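Contents: one structure, followed by commentary.
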Amino acid sequence: MTKHDTVVRIKPGSPYESALSLFEDGFIPMRDPFPMERGVSDTGEVTSLWVTDWDRMNEEQIQALAAAIANHCGATREEVIEDARPSNGFGIRDGWIEKMHCGAEGFQRCKEVADFLKNAPQPPTAEAYQDFYQDQYRRWIDGDEQPPPMPKTIEGFDPRLVTPELEEALKKEQIAKALAGYSVLDVITGRAMVDILNNIDPDHNYSIVTDEDDDEDNIPW
């Protein structure tokens, strides 16, 4: 099975809130980078479900989420776990998802969703959706598909998947890698950051300002 790399943050006030403190920064590991399952709400409404990834959760986290879901549904914790066992994870309603982060597998699968929505009959038929889901199961869930490595620059990403958050994350990673080549003194004096900014933002010229650069005539005191 492919090692999944999607995590999501849940909105405040959700039925899962009592378990969220057990997860780093409140992010829960997910099997897929989009909701792949369907469920029925208490009112009979069909809802989209994400599936948690038990393989990246410890026993305490699994038990806490099961207890939260059981409390909301009026079931026992054991019943919730048994019901989730075939999927190897709990269903989380799509409406409670606030933010998603993912790695190479998640990006590749998001690209495949975008390609499917572009190339499928419009609107996509139930048969087309079923074929897509079965392919995802065969390759990414039951199979051992390996994604291509993540691009190193924003230009390498599919434009449909580029977000301001992604651009910011890539800049931070670029800066962190570049800083590794400088001494502590270079970092403290600012020389390292100036060099890096000039490299990643060539449209501007950055330099270190010293006392000698001050224009006393512009000082208001």
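The values are calculated or read from the model by the stated rules, or taken from the named source; none is laboratory data. Not measured: the values here are computed from a predicted model. Neighbour counts are summed over all protein chains in view; Cβ atoms, including those assigned to glycine, are modelled from backbone coordinates with ideal geometry. For accessibility, only protein heavy atoms count, side chains too; no ligands or nucleic acids. Shrake-Rupley method; radii C 1.70, N 1.55, O 1.52, S 1.80 Å.
State in Å² the accessible area per residue of segment 1-129; use a 1.4 Å probe, count heavy atoms of protein chains only, and round to the nearest integer.
Dividing the accessible area of segment 1-129 by its residue count gives 53 Å².
Using only Cα atoms, locate the centre of segment 139-166 and the centre of segment 5-74, then give the distance between them in Å, rounded to an integer.
Their Cα centres are 24 Å away from one another.
Please give the net charge around His4, taking every other residue with its beta carbon less than 14 angstrom from that of His4, where Lys and Arg add +1 and Asp and Glu add -1.
Here the charged neighbours net out to -3.
Defining a contact as two alpha carbons under 8 Å apart and six or more residues distant in sequence, what relative contact order in percent does segment 50-151 show?
Computed over segment 50-151, the figure is 26 percent.
Under 37 °C and 0.692 mPa s, how fast does segment 78-135 diffuse according to Stokes-Einstein, given a Kirkwood radius computed over C-alpha pairs? Answer in µm²/s, whole number.
So the translational diffusion coefficient is about 234 µm²/s.
Give me the percent of accessible area attributable to carbon and sulfur for segment 43-111, probe 1.4 angstrom.
Heavy-atom surface of segment 43-111 belonging to carbon and sulfur, 1.4 Å probe: 47 percent.
What's the long-distance tail for segment 86-177, i.e. % of Cα pairs beyond 15 Å?
71 percent
Which of rounded, prolate, oblate describes segment 1-68, given a ≥ b ≥ c as roots of the alpha-carbon gyration tensor eigenvalues and a/c under 1.5 marking rounded, otherwise prolate only if a/b is larger than b/c?
Note, shape of segment 1-68 comes out oblate.
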